Amino acid sequence: MSQIKHFVHAYGEWIKHILAPLGPWGMLAFAAVDGSFLGMPLDAIFVGYVYNDRSRFLMYVLLASAGSALGSIVLYVIGYTGGEMLLRKRLSPERFEKIHESFDRHEFWALMFPAMLPPPMPFKIVVLAAAAFEMNFAHFLLAIFAGRFVRFLIEALLTLWFGPQIVTLTGNLFAHHFVWILVGVGVLVAGWLIWRRAKRKSARNKNAATDCRSGIEPTSL
């Protein structure tokens, strides 16, 4: 096991050495590698780019988000061709069905919200699930880009306001209280979905009432 960890670390350092001379485009490449098959300390790399080139922080947010989406294409291909079998081996039947149901109901949000969360969120499993459940490819890329954009924008602003150490502290806090933070995010998402449904229902009732006052039979929705 120690030899495997050493190999992964050495390979990661080699990747960093190769991509660092690319300048700003290195951020795109780092994010693509991280999003595909080799997990890298992407948050630390991103914060380093932003802190050393503050005036172009938004460019790094866009490059990191785009790189994550492009790199995830590799996992999409894997998941689309045989991801369901892989997921069934790694997840309990209850967990598998829960994820499947979330994608059936709101596939875009089921991928976007996990994309917003930093480690230890097992995001690659969610990406494989999205592909295995045959999520629309364009929606797949857009959901990852949107989620990562929110995540990297928050990290960039924290870095500009408080320095790079705040991202490390926030990451450690998230890692130690992952379950509670995930529950909190779930409650917020559920609340937003309930509010959205109630708003739509109110609009339908209002339209139906208007039709009745106009002497028009309300159409069934």
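The values are calculated or read from the model by the stated rules, or taken from the named source; none is laboratory data. What you see is a predicted model, and the numbers here were worked out from it, not measured in a lab. Here the Cβ positions follow ideal geometry from the backbone for every residue, glycine too, while neighbour counts run over all protein chains shown.
If you go through region 142-170 and pick out every residue that is exposed (fewer than 15 other Cβ atoms within 10 Å of the Cβ), modelled with pLDDT under 85 and of a type outside the set (Val, Ile, Thr), you end up with 4. Scanning region 84-122 for residues that are farther than 19 Å from Phe145 by Cβ and of a type in the set (Phe, Trp, Tyr) turns up just one, Phe96.
Condition check ((1) within 29 Å of Ala156 (Cα to Cα); (2) surrounded by 17 or more Cβ atoms within 10 Å (Cβ to Cβ); (3) within 16 Å of the chain's Cα centre (by Cα)) across all residues:
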residue: Glu94; (1), (2), (3): no, no, no
residue: Phe108; (1), (2), (3): yes, yes, yes
residue: Pro114; (1), (2), (3): yes, yes, yes
residue: Met121; (1), (2), (3): yes, yes, yes
residue: Val126; (1), (2), (3): yes, yes, yes
residue: Ala130; (1), (2), (3): yes, yes, yes
residue: Met135; (1), (2), (3): no, yes, yes
residue: Phe140; (1), (2), (3): yes, yes, yes
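Residue pairs whose Cβ atoms lie under 6 Å apart, sitting 6 or more positions apart in sequence or on different chains, and linking a residue in region 86-113 that is more than 25 Å from Ser65 (Cα to Cα) and not assigned by TED's automatic domain parsing to the domain that holds Ala132 to a partner that is small (Gly, Ala, Ser) and surrounded by fewer than 19 Cβ atoms within 10 Å (Cβ to Cβ), do not occur here.
Summed over region 18-65, residues that are surrounded by fewer than 20 Cβ atoms within 10 Å (Cβ to Cβ), at pLDDT 90 or above and among the aliphatic types (A, V, I, L, M) total 3.
For region 77-86, indicate whether the set of residues that are among the hydrophobic types (A, V, I, L, M, F, W, C) and in contact with a helix residue (DSSP H, G or I) (Cβ under 6 Å, 6 or more places away or on another chain) is non-empty. Working first, answer last.
Looking only at region 77-86, we keep the residues that are among the hydrophobic types (A, V, I, L, M, F, W, C), and these are 77-78, 85-86.
Okay, now just the ones that are also in contact with a helix residue (DSSP H, G or I) (Cβ under 6 Å, 6 or more places away or on another chain), so none.
Checked region 77-86: no residue is among the hydrophobic types (A, V, I, L, M, F, W, C) and in contact with a helix residue (DSSP H, G or I) (Cβ under 6 Å, 6 or more places away or on another chain).
Is it the case, given these coordinates, that Leu70 is at pLDDT 70 or above and over 19 Å from Gly163 (Cβ atoms)? Judged against the criteria, Leu70 is a match.
Keeping to region 116-143, report how many residues are part of a helix (DSSP H, G or I) and charged (D, E, K, R). Please lay out each step first, then the result.
Pass one, region 116-143, residues part of a helix (DSSP H, G or I): 116, 123-132, 137-143.
Then drop every residue that is not charged (D, E, K, R), which leaves 124.
Here the count works out to 1.
The requirement of being outside any helix (DSSP H, G or I), in the same structural domain as Leu22 (by TED's automatic domain parsing) and not aliphatic (A, V, I, L, M) is fulfilled nowhere in region 63-82; no residue meets it.
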